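J.: Below is a structure I'd like to ask you about.
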Protein chains: 2
Amino acid sequence: MHHKKGREESDCFLVEGVKITRELLAECPQQLVALYALPEFFREQALTPTGDRFREISPAELERISALQTPQQVVCVVRRLVQPQLLSPENNWILVLDGIRDPGNMGTILRLADWFGIRQVVASPDSVDGCNPKVVQASMGSVLRVPVIVQELDGYCRQSHGPVVAAVLNGTPVQDYVFPDGGLLLIGNEAQGIRPGLLERVQQAVTIPSFGKAESLNAAVATGILLWELRRRGT
Amino acid sequence: MHHKKGREESDCFLVEGVKITRELLAECPQQLVALYALPEFFREQALTPTGDRFREISPAELERISALQTPQQVVCVVRRLVQPQLLSPENNWILVLDGIRDPGNMGTILRLADWFGIRQVVASPDSVDGCNPKVVQASMGSVLRVPVIVQELDGYCRQSHGPVVAAVLNGTPVQDYVFPDGGLLLIGNEAQGIRPGLLERVQQAVTIPSFGKAESLNAAVATGILLWELRRRGT
């Protein structure tokens, strides 16, 4: 389950760490397939190992099953969210990711979507898997609440009923754009930006103005600023 | 020079990659102590190896000196910026970092400071070293333009002539705060936030409102949104 193929075949992924496990037990216990933890985790959380679903393991066993460099007491096997229906962008803002490759960025973007109340994230097939252990870690639990739907983006954007608004380096200054009630907010790859073919589907290009010399902003940071712009004005 | 001690003793740090090396040669060649690169780098950049300052190396040698998992043609030894004078926060915004530990966050924050024209970053002694190879990498070259000054923050904030404005989870919504012409923008550690003793030096606490369920924002993303708020209104 450390690899994409295993996660797809089992329809499950790993979640590690005390805090996220507590959220999992509180918010969506039905997704929890199995929990493996050190004795101190069971003691501190006042849980009882059952031998099957809640299993006590040794530090050596934890080291072996964990995908982290520094394992954290507990590893859970979690069932993926059932792929929900695509939401309409007529009165929802949907975040659309074109080839986000860095797991830290993907996790941070899911955490942002969760913070700003974005209910759906759509990602191109070449984006990093939303259930990759490093994505799960960087999302700080948001992966449990924000579903990522993988779609071929050209067709998806072509069929969209809302405007496609893209973050680029030479568009309308974002503060001058009036966000409608819904649409697709399109974020490009960390190095290449939005792929040229897809740019043809964009109705509005927006830019975060620069006040200094850096050539670009980190993709997750740009997403954060645009979501804030969208929300602070009440959409 | 992969370690902090070596960087401090030599007063130099490593910079790797074609793009950042080109920036280095164009913008601050006086900081370049030595450049080690594969033959193709010299060919593509129309540079001539000199044997001393510009040295041609083999892929095996590159692998040995690089701090990256995937070395990128060229490694430079760069002299640290001379510690500049502390700027006055009376008419400058200075970014102050209290224990930022993750090199990716630190690099992203330096890139942000550069994008938003922040001329000085001050960091507590327990923050990650601004010349750590992973910081240099994540900063995408901004480390060459934005100096990080290490200061014990309690005394620094106490002596400040501008207001200390801190990012916290339960302060004034940032859109309701009127930023003055200058001050210190204080960002806390990724997990613990701003340390309690330092909170006593804060004159204004600001918060990025949440619209969803995530418990917090990534430190670099929060910094980005606050710097954007500060700049979009003309300060």
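The values are calculated or read from the model by the stated rules, or taken from the named source; none is laboratory data. All of these numbers come straight from a predicted model, not from anything done at the bench. We place every Cβ from the backbone using ideal geometry, glycine too, and count neighbours over all the protein chains shown.
J.: Which number in (1) in contact (Cβ under 8 Å) with a residue 12 or more places away in the chain; (2) over 18 Å from residue A:14 (Cα atoms) marks the one condition that residue A:50 misses?
T.: (1)
J.: Only one residue in B:186, B:153 is away from chain A (no Cβ under 14 Å), in contact (Cβ under 8 Å) with a residue 60 or more places away in the chain and crowded, with 21+ Cβ neighbours inside 10 Å, so which one is that?
T.: Selected residue: B:186, the only one of B:186, B:153 that is away from chain A (no Cβ under 14 Å), in contact (Cβ under 8 Å) with a residue 60 or more places away in the chain and crowded, with 21+ Cβ neighbours inside 10 Å.
J.: Moving to a separate point now. Within the range B:195-209, take every residue that is more than 10 Å from residue B:164 (Cβ to Cβ) and in contact with a Gly (Cβ under 8 Å, 6 or more places away or on another chain) and give me the one that is farthest from the other protein chains (Cβ to nearest Cβ).
T.: B:195
J.: Determine whether residue A:48 is polar (S, T, N, Q), in a loop (DSSP other than H, G, I, E, B), modelled with pLDDT of 90 or more and in the same structural domain as residue A:63 (by TED's automatic domain parsing).
T.: yes
J.: Right, something else. Looking at A:75, A:33, A:82, which is the one that is under 25 Å from residue A:146 (Cα atoms) and without any contact (Cβ under 8 Å) to a residue 40 or more places away in the chain?
T.: Matching residue, one of A:75, A:33, A:82: A:82.
J.: Now for a separate question. Output the number of the condition that residue B:134 fails; it satisfies all remaining conditions of (1) part of a loop (DSSP other than H, G, I, E, B); (2) modelled with pLDDT under 95; (3) in the same structural domain as residue B:203 (by TED's automatic domain parsing).
T.: (1)
J.: Could I ask something else about it? Which condition breaks for residue B:128 when tested against (1) in contact (Cβ under 8 Å) with a residue 40 or more places away in the chain; (2) among the β-branched types (Val, Ile, Thr); (3) away from chain A (no Cβ under 11 Å)?
T.: Single failed check for residue B:128: (1).
J.: Report the residue count in the range A:190-235 for those that are at pLDDT below 95 and β-branched (Val, Ile, Thr).
T.: Final tally of qualifying residues: 1.
J.: Same structure again: Just the residues that are out of contact with any helix residue (DSSP H, G or I) (no Cβ under 6 Å at 6 or more places or on another chain) and buried (at least 19 other Cβ atoms within 10 Å of the Cβ), please, taken from the range A:208-226.
T.: A:222, A:226
J.: Restricting attention to the range B:169-196, which residues are within 23 Å of the chain's Cα centre (by Cα) and among the polar types (S, T, N, Q)?
T.: Within the range B:169-196, B:189, B:192 meet the criteria.
J.: Looking only at the range A:80-94, filter to residues that are surrounded by 20 or more Cβ atoms within 10 Å (Cβ to Cβ) and more than 12 Å from every other protein chain (Cβ to nearest Cβ); which one of those is modelled with the highest pLDDT?
T.: My answer is A:94.
For (1) touching a residue at least 60 places away in the same chain (Cβ under 8 Å); (2) outside the structural domain of residue A:39 (by TED's automatic domain parsing); (3) farther than 22 Å from residue B:217 by Cα, each residue gets a yes or a no:
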{"position": "A:102", "(1), (2), (3)": "yes, yes, no"}
{"position": "A:105", "(1), (2), (3)": "yes, yes, no"}
{"position": "A:124", "(1), (2), (3)": "no, yes, yes"}
{"position": "A:139", "(1), (2), (3)": "no, yes, no"}
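J.: Then there is this: Going through the range A:1-15 one residue at a time, which ones are farther than 17 Å from residue A:147 by Cα and in contact with a helix residue (DSSP H, G or I) (Cβ under 7 Å, 6 or more places away or on another chain)?
T.: Answer for the range A:1-15, where residues must be farther than 17 Å from residue A:147 by Cα and in contact with a helix residue (DSSP H, G or I) (Cβ under 7 Å, 6 or more places away or on another chain): A:1, A:2.
J.: Sort out which residues of the range A:189-220 are without any contact (Cβ under 8 Å) to a residue 12 or more places away in the chain and among the hydrophobic types (A, V, I, L, M, F, W, C), and write them in order of number.
T.: A:191, A:211, A:214, A:217
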